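To keep things clear, I will list the structure first and then write my remarks on it.
Values in this text are rule-based calculations from the coordinates and carry no lab data. Since this is a predicted model, take the numbers as computed values, not measurements. Don't worry about glycine lacking a Cβ; one is built from the backbone with ideal geometry, like all the others, and counts go over all protein chains shown.
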There are 2 protein chains.
Amino acid sequence: MAQPIYQQIAEDLRSKIESGTYEPGTQLPTESDLGEQYQASRNTIRDAIKRLISLGLIETRPGQGTFVTLRVDPFVTVLTGDPKSDNDGEGASYLSKVSAKQREPSETIPKVEVLMAPEEITRRLGVPPGAQVVARHQQRFIDDVPWSLQTSFYPMELISQGATGLLMAQDIPGGTATYLAEKVGLKQIGYRDWITARSPDNMEQQFFRLPHDAVVFAVFRTAYDQDKTPIRVTVTIFPADRNQFIVNVGTDLPDPQYGDG
Amino acid sequence: MAQPIYQQIAEDLRSKIESGTYEPGTQLPTESDLGEQYQASRNTIRDAIKRLISLGLIETRPGQGTFVTLRVDPFVTVLTGDPKSDNDGEGASYLSKVSAKQREPSETIPKVEVLMAPEEITRRLGVPPGAQVVARHQQRFIDDVPWSLQTSFYPMELISQGATGLLMAQDIPGGTATYLAEKVGLKQIGYRDWITARSPDNMEQQFFRLPHDAVVFAVFRTAYDQDKTPIRVTVTIFPADRNQFIVNVGTDLPDPQYGDG
DNA sequence: GCAAATTTGTTCGTATGTATT
DNA sequence: CAATACATACGAACAAATTTG
């Protein structure tokens, strides 16, 4: 047996999908039917199907059937923006202009929380382990499709210095960078993004309606003030199946073209 | 049955792994033993194990057993470098200085090929569909661990204009950006990275020794000259389990700290 | 609104193959 | 070569979700 049966079947189905025999959005034969076609047990067919799911080619819907996935055109986010502006998403142009179709972004009102900072946040925010921080959570949608989950962390110190607006569960007009400049004289000189990818946790899986073997980007954005002190750490989770990123280096680059991705 | 048994078992094993009951590198009980412990069939145990594999927590070795994965500390690549320099990897400082330990990068001699450009390359390189391009392939290692697979595509036009060195299967001293400036007067003014994530194909799976449900970053770097014309498109594949990226925006940021990731 | 039919999801038992020690 | 451990494969039964009559 050169290759296991389930891999041979997966390979055959893959070629049929990519050649257009099964078109995007259409239904595949039922597991029982495929079992007849390939003279294999239902369990073996299911192993083949699992492989194709993990490749992102098909999806199963209990009670309905197995379908060829529709490729949504991805949302593209430009990470290199204005060093001094927010770019933490709260009222900022996090969304790129790449998409040809007009898209309708929306977001929830921030949910505010005071908590002990997780370890990976204390490191980035430069606060001692166990320090209290303000966390502002937001969910974002594009055309009503869940797009990103975002949490910004601020040192409690900023509150006592006068930036009490950070505790308000509402948007901050003009963005938090402007607000912090006014209230506590902090000038943001830039930020650093740290891009990682991993499996979604349960909450993320539910919110984005992802299969459990999907992948999300986790982008950690740390913003710095004039003293090179971290002002804010923003963690944004993006499902990898519907998100891409652009990094521009140098000036005067041509605009990115729709369809380049 | 609130949750399926295999998910309950996966959850229990996960907590034992994360609490240190099973330490990284150590072996888990055999599937049969776990079946006894949890009063479940071996197939159900295997379903739980598959979940933990897709989370990247454990790995199985036929004939040996199931082991808790060792977390390698990730390689961190800074994407925002010098707009005018190569940064395509050929002799450039693609490797960051974040790692505390001294690491030993190495790479293969470029393999050169002339071929019809894949569709996604023609779009980015701004050449007509079906155009011939020069492709330069390289494999990169860090401490002998496969780190990235890279292919740079150049328009054939550059060869006829005198940049014949692109056809040589050897490193280009000083980098290709400098070389192209000398030979054909092309000045690189910057580049754009397009970051995506997907499942590995068969070749990538083999080279990086990845499970078939792993994830890789695919970074498309397009370099532009003074006329905003694409000079080169470099596609680099990074396994997500051992790679992260940094994007710096603004000047005078503090150095990234080892351990921030 | 309900019941039946259809389809995928979970679980078990069993047998055999393949890789490693 | 034998023992051990994971990988593949089949058959069967029931559960859960969805659609249809």
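Projected onto their three principal axes, the Cα atoms of the protein assembly as shown cover extents of 66, 62, 48 Å, largest first. Just add up the charged neighbours of A:Gly25: K/R +1, D/E -1, any other residue whose Cβ is under 11 Å from the Cβ of A:Gly25. Neighbourhood net charge equals -1.
Here segment A:75-246 is treated with +1 on each Lys and Arg Cβ and -1 on each Asp and Glu Cβ, and its dipole about the Cα centre works out to around 280 debye.
Charged neighbours of B:Leu158, selected by a Cβ distance under 13 Å, balance to 0 (K, R count +1; D, E count -1).
Taken about its Cα centre, segment A:5-68 carries a charge dipole of roughly 180 debye when the Cβ of each Lys and Arg holds +1 and the Cβ of each Asp and Glu holds -1. Sorted fewest first by neighbouring Cβ atoms within 10 angstrom, A:Trp194, B:Trp147 come out as A:Trp194, B:Trp147. Taken as Cα centroids, segment B:36-78 and segment A:116-152 sit 29 Å apart, rounded to the nearest whole angstrom.
Principal axis analysis of the Cα atoms in chain A yields extents of 72, 44, 33 Å, listed in decreasing size.
In segment A:182-257, Cα pairs under 8 Å separated by at least six residues give a relative contact order of 28 percent. For peptide B:73-80, the mean count of partner chain Cβ atoms within 10 Å of a residue's Cβ comes to 3.
Farthest toward the positive end of the dipole of chain B, out of B:Gly165, B:Ala117, B:Gln205, is the Cα of B:Ala117, where the dipole comes from beta carbon charges about the Cα centre. Here the alpha carbons of segment A:117-261 define both size measures, Rg and Dmax, at 16.8, 48 Å. In this Cβ point-charge picture (+1 for Lys and Arg, -1 for Asp and Glu), the protein assembly as shown has a dipole of about 80 debye about its Cα centre.
Label reach from B:Gln3 (point 7 Å along Cα→C-beta): in segment A:205-221, amide nitrogens under 14 Å belong to A:205-206, A:212. Gaussian network model of chain B, Cα springs within a sub-10 Å range: biggest mean-square fluctuation belongs to which of B:Ser54, B:Ser32, B:Ser199? Highest fluctuation among the options: B:Ser32. Look at the alpha carbon pairs under 8 Å that are at least 6 residues apart: their mean separation over the length of chain B gives a relative contact order of 18 percent.
Just checking the listed ones, A:Gly20, A:Gly190, A:Gly126: in the Gaussian network model of chain A with Cα springs under 10 Å, the one fluctuating most is A:Gly20. Taking B:Asp144, B:Asp171, B:Asp12 in turn, the Gaussian network model of chain B (Cα-Cα springs below 10 Å) assigns the largest fluctuation to B:Asp12.
Selection among A:Val78, A:Tyr179, A:Ala240 by position relative to the dipole of segment A:75-246 gives A:Val78 as farthest towards the positive end (Cβ unit charges, Cα centre).
Compute the angle between helix B:42-54 and the longest alpha-carbon principal axis of chain B, please, reported from 0 to 90 degrees and rounded to the nearest 10. Helix B:42-54 and the main axis of chain B meet at about 30 degrees.
Quick one: helix A:5-18 against the long Cα principal axis of chain A, what's the angle to the nearest 10°, folded into 0 to 90? Tilt of helix A:5-18: around 70 degrees. The distance from the alpha carbon centre of segment B:210-239 to that of segment B:1-15 is 39 Å, rounded to a whole number.
What the pair-distance distribution of segment B:5-68 shows, using all Cα-Cα distances binned every 5 Å from zero, is 4, 20, 33, 30, 12, 1 percent. Farthest towards the positive end of the charge dipole of segment A:5-68, among the residues A:Ala10, A:Ala48, A:Pro62, is the Cα of A:Pro62, using unit charges on the Cβ of Lys, Arg, Asp and Glu.
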